[in-house]
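Visitor: My questions all concern the structure below.
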Amino acid sequence: MNYTIITSRVDAETKREATELSSELGLSLSETIKVLLKQFIKSRQISVGTDEMPNEYLRSVMKKSAENYRKGEVSPKFNIPSAAQQYLEEHGV
């Protein structure tokens, strides 16, 4: 099989983290990239996932939103964008 070289620019931190994670999985960074490219070709999709947790601010906003929803304090459903815009303007948003 003939191989070719792909050059890609990424920031140093991304490369370091990807290399470290690849190593934890028993792969080199090159092998990880090969696997990702083969998966992309086979599925014709790019799959992105994350296990990141929301920060404290976002958690507080989500909690407030859930409380408002339980109280029935939600905006109405809009069928046209201009109605949504008018609602937001009337409510100072």
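Visitor: Taking the stretch 71-93 on its own, how many of its residues are loosely packed, with under 10 Cβ neighbours inside 10 Å, hydrophobic (A, V, I, L, M, F, W, C) and either modelled with pLDDT of 90 or more or in a helix (DSSP H, G or I) (or both)?
Guide: Number satisfying all stated conditions: 1.
Visitor: Here is a further query. Cβ contacts < 8 Å: first residue surrounded by fewer than 10 Cβ atoms within 10 Å (Cβ to Cβ), restricted to the stretch 44-69; second residue not basic (Lys, Arg), any location; separation 6+ or different chain. Result?
Guide: The qualifying pairs are Ile46/Phe40; Ser47/Gln39.
Visitor: A follow-up question, please. Identify, please: which residue in the stretch 1-26 is surrounded by 10 or more Cβ atoms within 10 Å (Cβ to Cβ) and basic (Lys, Arg) and is, among those, nearest to Leu37 (Cα to Cα)?
Guide: Among them, the one singled out is Lys15.
Visitor: Give the stretch 55-65 a look and list any residue that's modelled with pLDDT of 90 or more and either more than 22 Å from the chain's Cα centre (by Cα) or part of a loop (DSSP other than H, G, I, E, B) (or both), or say none.
Guide: Lys64 - this is the single residue of the stretch 55-65 that is modelled with pLDDT of 90 or more and either more than 22 Å from the chain's Cα centre (by Cα) or part of a loop (DSSP other than H, G, I, E, B) (or both).
Visitor: Still on this structure, I have one more. Could you list, in sequence order, the residues of the stretch 21-51 that are over 19 Å from Val10 (Cβ atoms) and of a type in the set (Asp, Glu)?
Guide: Asp51
Visitor: If you check Glu52 against the conditions, is it acidic (Asp, Glu) and in a loop (DSSP other than H, G, I, E, B)? Give the steps one after another, and end with the answer.
Guide: Details: acidic (Asp, Glu): yes; in a loop (DSSP other than H, G, I, E, B): yes.
Spelling it out, Glu52 is indeed acidic (Asp, Glu) and in a loop (DSSP other than H, G, I, E, B).
The values are calculated or read from the model by the stated rules, or taken from the named source; none is laboratory data. These numbers were taken from a predicted model, which means no experiment stands behind them. For neighbour counting, all protein chains shown are included, and Cβ atoms are generated from backbone atoms with ideal geometry for every residue, glycine included.
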